[in-house]
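**Student:** Okay, handing you the structure first.
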């Protein structure tokens, strides 16, 4: 059995794997810009990026404040 894939009648479903990879890629892109999302969940990544764009500074989700 492969990790992260679900067996289906048409083979193995990679939907979960693709969603996880997208979240991790978005998290990596945010941290590369200096943004620290609260977690690797898409909702937290999107919120941190939105706050950073609106505030004009990188947002730190752990401290819940903008970075200097």
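**Student:** Semi-axes of the equivalent ellipsoid of the stretch 14-66: what are they in whole Å, largest first, if each equals the square root of 5 times a C-alpha gyration tensor eigenvalue?
**Tutor:** 22, 9, 8
**Student:** Shifting gears a bit: Extension gain residue 36-residue 18, at 0.36 nm per residue separation less the Cα-Cα distance, in nm? Working shown, then result.
**Tutor:** Numbers: separation 18, 0.36 × 18 = 6.48 nm, distance 2.23 nm.
Working it through step by step, the gained length comes to 4.2 nm.
**Student:** Further question on the same structure: Please give the length that would be gained between residue 57 and residue 25 if that part of the chain were fully extended, namely 0.36 nm times their separation in residues minus their C-alpha to C-alpha distance (nm, one decimal). Show your work: numbers first, answer last.
**Tutor:** Numbers: separation 32, 0.36 × 32 = 11.52 nm, distance 2.09 nm.
Difference between extended and current length: 9.4 nm.
**Student:** Report the full-extension gain for the segment residue 64 to residue 44: residue separation times 0.36 nm, less the Cα-Cα distance, to one decimal in nm. Show your work: numbers first, answer last.
**Tutor:** Working: separation 20, 0.36 × 20 = 7.20 nm, distance 1.17 nm.
Stretched fully, the residue 64-residue 44 segment lengthens by 6.0 nm.
None of the figures in this text is laboratory data; all of them are computed from the coordinates on show. It should be emphasised that the depicted structure is a prediction, and the values quoted were computed from it without experimental measurement.
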